[in-house]
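**Q** Pasting a structure below so you can have a look.
The values are calculated or read from the model by the stated rules, or taken from the named source; none is laboratory data. Model, not experiment: these values are computed from the prediction. Cβ placement follows ideal geometry from the backbone for every residue including glycine, while neighbour counts extend to all protein chains displayed. The protein model used for the area step is the full one, side chains on, heavy atoms only, and it has no ligands, DNA or RNA in it. Shrake-Rupley method; radii C 1.70, N 1.55, O 1.52, S 1.80 Å.
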2 protein chains.
Amino acid sequence: MNSHWYAIIMAGGAGTRFWPASRRRRPKQLLALGPDTSRSLLTATVARVKAVCPSERIVIATGEHLIQATHEVVPEIPMRNVLAEPVPRNTAPCIAWATASILSRDPEAVIAVLSADHVVTSDEGFVEVINRAMTVAQTGTITTIGIVPTRPETGYGYIEAGVERGDGAKAALRFVEKPDLATAEKMLTSGNYLWNSGFFFFRGRDMMAAIDKHLPDLASGIRKIDAARDSNSETETLKQVFPLLPSVSIDVGVMEKVSPLAVVPGDFGWSDVGSWQTVWELAHRDENDNAAPSGSLLIDSRGNMVADLRASGDKKMIALLGVEDMVVVETEDALLVMPRSRSQELRKLTDALSKLGHHDKL
Amino acid sequence: MNSHWYAIIMAGGAGTRFWPASRRRRPKQLLALGPDTSRSLLTATVARVKAVCPSERIVIATGEHLIQATHEVVPEIPMRNVLAEPVPRNTAPCIAWATASILSRDPEAVIAVLSADHVVTSDEGFVEVINRAMTVAQTGTITTIGIVPTRPETGYGYIEAGVERGDGAKAALRFVEKPDLATAEKMLTSGNYLWNSGFFFFRGRDMMAAIDKHLPDLASGIRKIDAARDSNSETETLKQVFPLLPSVSIDVGVMEKVSPLAVVPGDFGWSDVGSWQTVWELAHRDENDNAAPSGSLLIDSRGNMVADLRASGDKKMIALLGVEDMVVVETEDALLVMPRSRSQELRKLTDALSKLGHHDKL
């Protein structure tokens, strides 16, 4: 563990893909959607990252309205390390601000950027690959992790990998948008493509230089916020400047323009947990392929994804008779029932809720 | 309305066919399972019967543990008219006790016996047929109503009807147990068979005479209870004697042995509401054949039976996406999901709950 190593965990997001569990004030990363149903995805992410750097060097970037809820699931992270974005402005402003904030503490900082809402099933594999990527980044090359694909997935972006660099990384040649199935199959067969994981590694100063070069408006905004740090006008400046920062992703704004860019292949059971279908795939399932809370009563039922995410502790008996391949999710104020195969269409429901004015349910 | 006309409404029962809505302490008749979802089946039954006799001449026979809940749904029935059976002993003891109780007030009583948990869709037809049956019973012939069958139903018992009696009734020749489909089809075609509705009509004294003759043990037990009426030992006597009364149905114990027996054909949209499937059939359904609480969100969903029977008033958003022909029932402490076609198999669930020791959910 290097004393200049830091991590930024991006924990914003207002996902609707896990309705009714996920809500504006309780997005995906605050939910226990991974195989370990005893803790939130963010809690699991922090636990994993602590193998690379300690709590006091982990910065969490989240939304202003999520500060308290975030603190509750990762109380070990000092509150001064929890950055509250006044409004969401995509990943480039988020990473730029967090990076500047870390650099103000440590100009030699080497930083790992991770998402709070992904699942990793091999913690050992994860730590090994992160260490390798940090070591490459430390030499001055912005680095990413590309997940070794296991199927022709059309839901992820890809990275084309080039020659070995001799340091465990390969040259990252280009980013590929989410492909159609035929393209995904070709990329899988070629062996040269990796899934874009959204993990990034860099020396703070390299990232700031790249932003200076490729996103000068963002850089100047961040300098204003930086200048007000620890002053009386810090909050006020943030509120004024942040909303005007260019809303652009780090992929498009920086990564696709940076050269050289290194990619470390990773294979540690990674998933971005995109839908209830994925939650079911990752979950511990019974002999009939049901993922369900203990104490549920499932008779003649197979392949179901059942979740009870009510806040209150009182036991509810969830009983299924003759039900197959369905998603059944209970929360305090909502119930969802749909075939598992329609998990990707959940937006139809949240869109309808929005149209009907049920903002309290979103 | 004849001043000697009385009604006994049988409101015991501990049905499990409507789990999780129905419970030991909240059986079917206390639930709003009919087309009118604003009132319980018992409330609707009392409202119907009041067209034939007023509240003070309606006697409700129920279980000791249901007295309070019963009073809450039909507060207009005087408490002294609500008979509390210490234990359920089938319909013959229930009717015998209630009849004796009415006779002690009015030896000339003519009594209609009805179930609290049936649905009738034509109130006018109901009143007309009840009046006819009471008029026949008044002449000294025990009378029943036979529902004109509309399909070869295998879930009901049948009554074979003979010649017209000239008073709007026919001779009732025999009772037929629930038939197989082939037999049911033959009975439907013959035109001589009616569904056994469980409605009975008699002068109180005729019923007591029939019980004296065919169930002498029951008659002597009822005399003991009768002797203690309005005395200090009334409750004690009831507790001692009632549990020892022969547990036999009025059909088997009396009706099948009585001659002559009259049957009045009835056609007033009657159903005994045997399962969630029946509730769905009776319910007001939307253009996609869904029966669901207003405010539910059903997208690409057809033929579902959705019910929210939670006691608390706070709105729960029940959302279905791409769901067909399912039963979804929410209560405070349980959730049921099953295909509508498996409504008859619900006992598998309640049996399992019982085996697993979940007595609080039964």
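**Q** What lysines sit close enough to B:LYS224 to cross-link, taking a C-alpha to C-alpha distance under 20 Å and skipping anything fewer than 8 places away on the same chain?
**A** Filter leaves B:LYS213, B:LYS239.
**Q** Under a crude label model (7 Å from the Cα following the beta-carbon direction), how far is B:ARG151 from B:GLN68 in nanometres?
**A** Distance between label points: 4.0 nm.
**Q** Just for the Cα atoms in region A:242-335, what are the lengths along the principal axes, largest first, rounded to whole Å?
**A** 57, 35, 21
**Q** Suppose you put the label 7 Å out from Cα in the Cβ direction; list, shortest first and in nm with one decimal, how far A:ASP267 is from each other copy's label.
**A** Nearest first, the other copies' label points are 7.6 nm away.
**Q** Hey, another quick one. Note the distances from A:THR139 to each other copy's matching label point, with points 7 Å along the Cα-to-beta-carbon direction, in nm, sorted shortest first.
**A** For A:THR139, the other copies' label points sit at 11.0 nm, shortest first.
**Q** Which residue fluctuates the most in chain B, going by a Gaussian network model with Cα springs under 10 Å, if the choices are B:THR45, B:THR121, B:THR144?
**A** B:THR121
**Q** Run the dipole for region B:104-234 about the Cα centre, Lys and Arg Cβ at +1, Asp and Glu Cβ at -1, nothing else charged, and hand back the magnitude in debye, nearest 20. It would help to have the intermediate numbers written out before the result.
**A** Values: 14 positive and 19 negative charges, 66 e Å.
About 320 debye.
**Q** Using alpha carbon centroids, what distance separates region A:62-113 and region B:228-296, in Å?
**A** Comparing the Cα centres of region A:62-113 and region B:228-296, I get a distance of 66 Å.
**Q** Let me ask you something else. Rounded to the nearest 10 Å², what accessible area does A:HIS358 have for a 1.4 Å probe in the complete protein model?
**A** Counting only protein heavy atoms, the figure is 60 Å².
**Q** Could I ask something else about it? Using a label point 7 Å beyond Cα on the Cα-Cβ vector, give me the inter-copy distances for B:GLU128 in nanometres, one decimal, shortest first.
**A** Label-point separations across copies, in nm and ascending: 8.5.
**Q** Taking a 21 Å limit on the Cα-Cα distance, which of the listed pairs A:LYS315/B:LYS28; B:LYS50/B:LYS178; B:LYS316/B:LYS355; A:LYS355/B:LYS315; B:LYS186/B:LYS257 fall beyond it? Could the numbers behind the result be given before it?
**A** Values: A:LYS315/B:LYS28 23 Å; B:LYS50/B:LYS178 31 Å; B:LYS316/B:LYS355 31 Å; A:LYS355/B:LYS315 18 Å; B:LYS186/B:LYS257 25 Å.
With Cα atoms farther than 21 Å apart: A:LYS315/B:LYS28; B:LYS50/B:LYS178; B:LYS316/B:LYS355; B:LYS186/B:LYS257.
**Q** Stretch B:GLN344-B:GLU164 to full length: gain in nm at 0.36 nm per residue minus the Cα-Cα span?
**A** Numbers: separation 180, 0.36 × 180 = 64.80 nm, distance 3.68 nm.
61.1 nm is the gain from fully extending B:GLN344 to B:GLU164.
**Q** Kindly list the residues of region B:317-342 that lie in the label zone of A:GLU324, defined by a backbone N under 11 Å from the point 7 Å along the Cα-to-C-beta vector.
**A** none
**Q** Of B:MET79, A:TRP5, B:ILE58, whose Cα points farthest to the positive end of the dipole of the protein assembly as shown (charges on the beta-carbon: +1 Lys, Arg; -1 Asp, Glu; origin at the Cα centre)?
**A** With unit charges placed on the Cβ atoms, the residue in question is B:MET79.
**Q** Can you find, among B:ILE211, B:PRO246, B:SER259, the residue sitting farthest towards the positive end of the charge dipole of region B:165-280, where Lys and Arg contribute +1 and Asp and Glu -1 at Cβ?
**A** Working it through, the farthest residue towards the positive pole turns out to be B:SER259.
**Q** Further question: For chain A, set up a GNM with springs between Cα atoms under 10 Å and report which of A:ILE250, A:ILE211, A:ILE318 has the largest fluctuation.
**A** A:ILE318
**Q** Nearest 100 Å², what total accessible surface is buried between chain B and chain A (probe 1.4 Å)?
**A** Summed over both sides, the interface buries about 2800 Å².
**Q** Right, another one. Estimate the FRET efficiency between B:LYS224 and B:SER259 by the formula 1/(1 + (r/R0)^6), using the beta-carbon distance for r and 22 Å for R0, to the nearest 0.05. Don't skip to the end; give the middle numbers.
**A** Working: r = 29 Å, r/R0 = 1.30.
Result of the calculation: an efficiency of 0.15.
**Q** Taking 7 Å along the Cα-to-C-beta vector as the label spot, tell me the B:ARG205-B:PHE175 distance in nanometres, rounded to one decimal.
**A** Output for this residue pair reads 2.6 nm.
**Q** Determine the percent antiparallel among the DSSP beta bridges restricted to the protein assembly as shown, to the nearest 5. Intermediate results must be reported in sequence, preceding the final value.
**A** On the way: 52 of 119 bridges.
Of those bridges, close to 45 percent are antiparallel.
**Q** For the peptides A:106-112, A:128-134, A:189-195, what is the packing order when you average, over each peptide's residues, the other Cβ atoms within 10 Å and list the highest mean first?
**A** On the way: A:106-112: 19.4, A:128-134: 21.7, A:189-195: 16.0.
Answer by packing, highest mean first, reads A:128-134, A:106-112, A:189-195.
**Q** What whole number of Å gives the distance from the Cα centroid of region B:302-337 to the Cα centroid of region A:137-212?
**A** The distance from the Cα centre of region A:137-212 to that of region B:302-337 comes to 45 Å.
**Q** Summarise the partner chain shielding of B:286-297 as one whole number: the mean count of Cβ atoms from other chains within 10 Å of each residue's Cβ. Don't jump to the answer; show the numbers that get you there.
**A** On the way: counts 0, 0, 0, 0, 0, 0, 0, 0, 0, 2, 1, 9.
So the per-residue partner count for this stretch is 1.
**Q** Leaving out ligands, DNA and RNA, and with a 1.4 Å probe, what % of the accessible surface on region B:81-164 is carbon or sulfur?
**A** Details: 1380 of 2750 Å².
The nonpolar share, carbon plus sulfur, comes to 50 percent.
**Q** Would you mind telling me the antiparallel percentage of the DSSP bridges in region A:54-181, rounded to 5?
**A** Working: 5 of 9 bridges.
Antiparallel bridges: around 55 percent, rounded to the nearest 5.
**Q** Can you list the aspartates and glutamates whose alpha carbon sits under 15 Å from that of B:LYS348, skipping same-chain ones fewer than 8 residues off?
**A** A:ASP300
**Q** Counting only other residues whose beta carbon sits under 9 Å from that of B:GLY157, what net charge do I get with K and R as +1, D and E as -1?
**A** Values: positive: B:LYS178; negative: B:GLU177, B:ASP251.
Net charge around B:GLY157: -1.
**Q** Heavy-atom accessible area of B:ARG17 with all protein chains present, probe 1.4 Å, nearest 10 Å²?
**A** It works out to around 110 Å².
**Q** Follow-up. What do you reckon, how do B:VAL87, A:VAL252 stack up by accessible area (1.4 Å probe), largest on top? Intermediate values should be presented prior to the final figure.
**A** Numbers: B:VAL87 50, A:VAL252 70 Å².
Accessible-area ranking of B:VAL87, A:VAL252, largest first: A:VAL252, B:VAL87.
**Q** Given q = 0.08, 0.10 Å⁻¹, what are the Debye log10 I(q)/I(0) values for the protein assembly as shown, with equal point scatterers placed on the Cα positions and solvent ignored?
**A** Here log10 of I(q) over I(0) equals -0.74, -0.95.
**Q** If N is the number of residues in chain B, what value comes out of its Cα radius of gyration divided by 2.2 N^0.38 Å?
**A** Ratio of Rg to 2.2 N^0.38 Å for chain B: 1.02.
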